[in-house]
Amino acid sequence: MKEDINNYYKAKKKVEKIKKFYGHLSAFFLINIVLYFFDFFTRPNNFWFDYWFYWHLIIWGVGLIIHGIFVYYTFPFFGNDWEERKMEQFIQEEKYKNNKYE
């Protein structure tokens, strides 16, 4: 029963992370479309590489890719059970400290 509750909260946390990523992705597209038209219409005679919009797009795009990687993929140092291992480590350390002073 306790494992079912843990699995539920893990799934809920994963869904919240995915939901935040989709919000980030939506904001990325909407804001960059607006910025593109603003930049293009305020300086229509410049070459494509002169627009500041592209720098903004690249920098934010890299951030979006990193966000997506953290949401959909796991890293060896932040794997699926990393939080549980860290929590267990801290619990054991606290138990050790408490037993040491008794």
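All of the numbers you see were taken from the coordinates with simple rules; none came from a lab. If you're wondering where the values come from, they're calculated on a predicted model, not measured in any experiment. Cβ coordinates were reconstructed from backbone atoms using ideal geometry, including for glycine residues, and neighbour counts include every protein chain displayed.
If R0 is 41 Å, what FRET efficiency do you get for Ile5 and Ile33 from their C-beta distance, rounded to 0.05? Please list the in-between numbers first.
Working: r = 43 Å, r/R0 = 1.04.
Given R0 = 41 Å and the Cβ-Cβ separation, E is 0.45.
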Fully extended contour minus Cα-Cα distance, from Glu83 to Val71, at 0.36 nm per residue
2.9 nm
Among the listed pairs Lys2/Lys97; Lys14/Lys95; Lys2/Lys86; Lys17/Lys95; Lys12/Lys95, which have their C-alpha atoms separated by more than 24 angstrom in this model?
Lys2/Lys97; Lys14/Lys95; Lys17/Lys95; Lys12/Lys95
